[in-house]
Each structure stands twice: as structure tokens, then as C-alpha cells.
Amino acid sequence: MGRRIAFSRTCSVMWGSWQGFSQPLNLTHDTLRELLDGGQSFRWRTVPGDSCWQGVFGHNLVQVRLEGNREVEFRIREGYGSVREVEAYFAINFDWAACQDALPWRSDPHLENCMKAFPGLRILRQPFGETLFSFICSTARQIVQIKQCCETVAERFGESLGCGTHAWPDWKVLSEIPEKELRACKLGYRARYISETATILTADSGFEKKLLASPVRDAKSMLMSLPGVGAKVADCVLLFGAGKLEAFPVDTWIKKSISRVYGLDDSNPTGMARFGRIHFGKAAGLAQQFLFAWERSQP
């Protein structure tokens, strides 16, 4: 049985059978927690009483767990999701082993230690619109606060998926909601950014397709033309919602890491981002996640 995570109430929705991915996904508990609850996505929760996580993306309602030899299994709420979409979300068909091996861990002992601490960490391939929405909401917020905003907006305006969960409503729906109602969802000043961005993207139906096909520099410029999207938010969206692994978001944790380990001035995030892209290469964003996870895990 699943449960409504927010209120720990039992829920009678029907779940499909537990199954492994077509390409085995073997992770430690720490790596799985970092993947789902470390700031890439904000729609995952642990299920009280069950050793699993429950998440929503698109119109997929999914649970995942570790079973046996650290292998990740998943199951889908019947009628709400597909194996193809779940495997795409976890980027199962991408060669992450080769991507990790191409990172400069042989000459960078700190990166090597970070990678050993979180073996198998990868980048989720989330729906672009949801990712953009989440990170516009993320400015000056902690992870738990971002989660609350995302859940509140989904509950008030998104389609019910059962079990107390709701899909993200999409930009068209958000464009029709008065800014005052968005502010009531604890968005604060970000409500204006969401409202204005929703209007822009609803009018420009080709924005996402063009951005995904663009080189990372052009794609970043497109994102930064939207209300409330600065360099850090743009890099997060590029990395987590557009599959642009060259993107290197610089937040408080990365500033701390790059300053302490690599000796850069933490008052210059632009310089840090440039350093990250040069030093770590084409998969700089993956290296960023290892550094980020390590820094947050330290006492």
C-alpha cells in the first residue's frame, strides 16, 4: 500500500508490480537519497512505514526502493505513468560510467573522494517546464521550502493523481491564475516571476524545443531573458531539465567547496562557474553534483 506522505494517511490506489530497470541501477542508500532529495527535484518524499520513496513527474506517480544487492526497483500507480517515461527520467540509457570516468578524478583527489562517497550518482532528466518552475521558486529558499511551494501549487491547480498527489499544472494553466492566488501558495515575490514567465511561454509554444536544441551558451541566454531567471537558476534548469551536462551551477555549497579546495574567490560565482566548466570538462554538471553532495554531508 502507498500512503499520502504529507499526512501519513493510508491510500487505496492500485500499484503495479515492483520491477528493475532495463539497465540495472545500483546505488547505495546515501546515493539514492541524494539523487531524489538533494536539490535536483523537489517532488519526492519518503513513504512512512515503507522503505521507499514516492515521486511525481509529469503525470507519473512512482515509487522506488533499494532491493537485494543495492538494485533500485520501481513501481507505477496503475494508469499514471509508463516504464518508458520512468526510465527516461532516470536516464537509464545514458552511459554514466563512461561519463564519470571522463571526469578528472585521476588528477583531482578531492573529486575522487566525492565520487567514492556517492557511487553511481547521476543527473535526473526531468520535464523542462516543471524544472524551470521549481528553480524560479528556489531563489533565496531552502530545499524544504521549495518543496512546500511546489506541492502547494500542484495541490491547488494540478490534476489529482490519487494518493494525495497532484501533477504540476503546466504553464498554460498558471498563465490563467491571478498573481494574488499564486502569492497565496507561499511564492512571495516569485509569484510575479511565475505569472510573467507563464504568459511568455504560453505565447511562445516553441520556446522549449528551441532551447533544448540550442548550444548551452545560447540556451542559457534564452533562460536568462525570462523573469526571475539569473545565472544560477539558468544553470540549474539547463543541467536538471535540459540535459546540458556542461552547465555548472554555483550555489552556497559549491562556493564553499571551490573556495576551500581549489582556492578561488567565493565572491566571484561567474569565475567559479567558468573554472568548473574548464576544470571538469563536458560533464562539469555531474562533477558539481558530487562536490555538492559531499559538501552537504560534512558535519
Problem set entry | Residue within the stretch 92-103 that is touching a Phe, Trp or Tyr at 6+ places or on another chain (Cβ under 7 Å), surrounded by fewer than 20 Cβ atoms within 10 Å (Cβ to Cβ), closer than 25 Å to Trp15 by Cβ and in contact (Cβ under 8 Å) with a residue 24 or more places away in the chain present | yes
For this session: Tell me, yes or no, whether the stretch 141-151 has at least one residue that is assigned to a loop (DSSP other than H, G, I, E, B), open to solvent by 30 Å² or more (accessible area, probe 1.4 Å) and modelled with pLDDT under 95.
Result: yes
Exercise. Has the stretch 201-215 got any residue that is of a type in the set (A, V, I, L, M), surrounded by 15 or more Cβ atoms within 10 Å (Cβ to Cβ) and farther than 23 Å from Thr270 by Cβ?
Worked result: yes
Problem set entry | the stretch 30-70, residues that are closer than 19 Å to Ala97 by Cα, touching a Leu at 6+ places or on another chain (Cβ under 7 Å) and without any contact (Cβ under 8 Å) to a residue 60 or more places away in the chain | Leu32, Arg70
Exercise. So which pairs qualify, if the first residue must be in the stretch 254-266 and of a type in the set (Gly, Ala, Ser), the second must be surrounded by 18 or more Cβ atoms within 10 Å (Cβ to Cβ) and not in a helix (DSSP H, G or I), the Cβ gap must be under 6 Å, and the two must be at least 6 apart or on different chains?
Worked result: none
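The values are calculated or read from the model by the stated rules, or taken from the named source; none is laboratory data. Note that this is a predicted model, so its numbers are computed, not measured. A quick note on method: Cβ atoms are made from the backbone with ideal geometry, for glycine too, and the neighbour counts reach across all protein chains shown. Accessible surface is based on the protein model in full, side chains and every heavy atom, while ligands, DNA and RNA are left aside. Shrake-Rupley method; radii C 1.70, N 1.55, O 1.52, S 1.80 Å.
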